[in-house]
1. Within region 36-49, which residues are outside any loop (DSSP other than H, G, I, E, B) and either closer than 22 Å to ARG82 by Cα or of a type in the set (Gly, Ala, Ser) (or both)?
2. Quick check on this structure: which one of GLY89, GLY76 is assigned by TED's automatic domain parsing to the domain that holds ALA62, of a type outside the set (Asp, Glu), assigned to a loop (DSSP other than H, G, I, E, B) and modelled with pLDDT of 85 or more?
3. For region 1-54, which positions are modelled with pLDDT of 85 or more, loosely packed, with under 12 Cβ neighbours inside 10 Å and of a type in the set (A, V, I, L, M, F, W, C)?
4. Report, by residue number, each residue of region 119-137 that is at pLDDT 80 or above and surrounded by 13 or more Cβ atoms within 10 Å (Cβ to Cβ).
Amino acid sequence: MHSDNDVDQESGKPVMIMDYNKTKAGVDRVDQLCHSYSVQKRTKRWPLAYFYNCLNVAGINAQVVYMAKFPNWEAGKSHRRRLFLQNLGLLLLQPWLERRAQIPRLNEPIKRALESCGYARRKPQEAESGPQKRRRCHICPSALDHKTPNRCSVCNEPCCNEHKTTTITCTYCSE
């Protein structure tokens, strides 16, 4: 392509170098974006460093596609990249958090943290028709093994005769 020694008249540089610099601009922009908001951590393991780089490039590519579709998104803000990456991270976490909130025997601090983020545990809705399956009372210790078909009308958890009030509400919910 560049077999002769042509020189650019304005800069005095060879035409070959000027053409290279024209095509290099996109790569420099990607490098700038990667370094301004990066997930890269210091590591000696090259597969992990490669994975971090893939995450950085994937974030940039996702933003380019999104901005092509919605060019006026947060147009007045100077930190659109940071906002985009925050929203992307939260959207990627949302299904995992919803699934995690449904674990029945989750530690209390984790339950409270999920509830403060808006992910409360949904109680499964059971069919009202037909006989209820006997289950262990959710208040009694498992060593007692009190099984009952009764359910609390508030939390829909099984509660034995010792822990239900007159309105079929467990003592846990009536407090």
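1. Start the filter on region 36-49 by keeping residues that are outside any loop (DSSP other than H, G, I, E, B), which leaves 36, 46-49.
Listed by number, the residues that qualify are SER36, ALA49.
2. On the way: GLY89 fails: assigned to a loop (DSSP other than H, G, I, E, B).
Only one candidate qualifies: GLY76.
3. Residues satisfying the conditions are TRP46, CYS54.
4. Within region 119-137, TYR119, ARG135, ARG136, CYS137 qualify.
The values are calculated or read from the model by the stated rules, or taken from the named source; none is laboratory data. None of the values given here were measured: they were computed from a predicted structure. Neighbour counts are summed over all protein chains in view; Cβ atoms, including those assigned to glycine, are modelled from backbone coordinates with ideal geometry.
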